[in-house]
Amino acid sequence: MFQLQMRDRTKTAETAVYYMEDKDAIQEYWRHTEMYPEDALFAETDMKIGAGRDFPMEKCCLRIHNTKGQECRYYVEKLLIKVRWAKRGDVFLKLASFAATGIAKENEYDEGGYEQVTCCGNPVLDQYSSEITPLVSDFEDDFKREKISMLCYKEIGCFATLDEVNADIAKKEISSEEVEILFRDIPGELG
């Protein structure tokens with residue numbers, strides 16, 4: 001498992017941390033898209049991946065706040081959140097990534113309708129935008145081809161004991177707070 005560190009452009013002297021099993025895949029993606037971040041640092045970790053679970057959701061309305069407190073509202077037709085529990089030293093981590101299909105942002109000016117989502121060149125997100133998708137529409141169905149996927153895993157929880165991990169694994173749903181942490185990259189944690 002590899003750890004990726006990059007400067008978080010929304011905070012002063014803070015670092016955003018992500019995890020991946022294959023650093024070559026993300027580096028190849030960056031070469032292909034010509035957006036290799038100069039401050040990307042990879043380090044091999046002693047992390048052990050344990051249990052995993054996928055959380056599929058449909059027709060989600062999400063309220064996301066970035067670290068500056070700005071709220072963005074999103075509609076997602078299909079959302080798949082992949083959660084993996086891992087151990088690093090004496091600490092247990094809850095890691096997650098996502099794939100969102102049919103994603104649109106609610107109009108920021110409360111005029112109704114939806115607008116196309118922009119990830120601001122965030123290097124940990126892969127975005128597909130159809131050429132026929134409108135920039136603004138009154139109908140969320142107009143954005144059904146829009147896709148955003150996270151290319152690595154992000155920490156959304158931390159536990160001190162195996163009992164806490166097992167209790168978390170037993171939960172039937174992922175919390176809205178965890179989804180918000182995961183989605184903060186879209187409105188611009190790194191973008």
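Tabulated data for the structure shown
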| item | result |
| --- | --- |
| For the range 5-61, with +1 on Lys and Arg beta carbons and -1 on Asp and Glu, the positive-most of Met57, Thr45, Tyr29 along the dipole | Met57 |
| Under Karplus coefficients 6.51, -1.76 and 1.60, residue-wise ³J(HN,Hα) of the range 19-31 in Hz, glycine/proline x | 10, 8, 8, 10, 6, 5, 5, 6, 5, 5, 4, 4, 4 |
| The range 33-90 and the range 96-145: distance between their alpha carbon centers, rounded to Å | 17 |
| Accessible surface, 1.4 Å probe, highest first, among residues Ile148, Ile132 | Ile132, Ile148 |
| Dipole in debye (nearest 20) - the range 82-150, about Cα centre, beta carbon charges: Lys, Arg +1; Asp, Glu -1 | 920 |
| Debye intensity ratio I(q)/I(0), log10, the range 1-156, q values 0.09, 0.19 Å⁻¹ (C-alpha model) | -0.33, -1.32 |
| Accessible surface, the range 67-191, averaged per residue in Å² (probe 1.4 Å) | 50 |
| Extension reserve of the Lys87-Gln5 stretch, reckoned as 0.36 nm per residue once the Cα distance is removed | 27.7 nm |
| The chain: relative contact order as a whole-number percent, Cα under 8 Å and 6+ apart | 22 |
| Largest-first ellipsoid semi-axes for the range 81-169, taking √(5λ) over the Cα gyration tensor eigenvalues, angstrom | 35, 14, 11 |
| Separation in nanometres of the label points that stand 7 Å from Cα toward Cβ, at Gln70 and Ser175 | 2.6 |
| The chain: calculated mean residue ellipticity at 222 nm from DSSP helix runs of at least 4, using -39500 (n - 2.57) | -4000 deg cm²/dmol |
| Of all accessible heavy-atom area on the range 1-70, the percent that carbon and sulfur account for (1.4 Å) | 45 |
| Too-long pairs where the Cα-Cα distance tops 22 Å, listed order kept, from Lys48/Lys78; Lys59/Lys172; Lys23/Lys78; Lys48/Lys154; Lys23/Lys48; Lys23/Lys154 | Lys48/Lys78; Lys23/Lys78 |
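The values are calculated or read from the model by the stated rules, or taken from the named source; none is laboratory data. What you see is a predicted model, and the numbers here were worked out from it, not measured in a lab. Note that we place each Cβ from the backbone using ideal geometry, even for glycine, and neighbour counts take in every protein chain shown. SASA here: full protein model, heavy atoms, side chains in, ligands and nucleic acids out. Shrake-Rupley method; radii C 1.70, N 1.55, O 1.52, S 1.80 Å.
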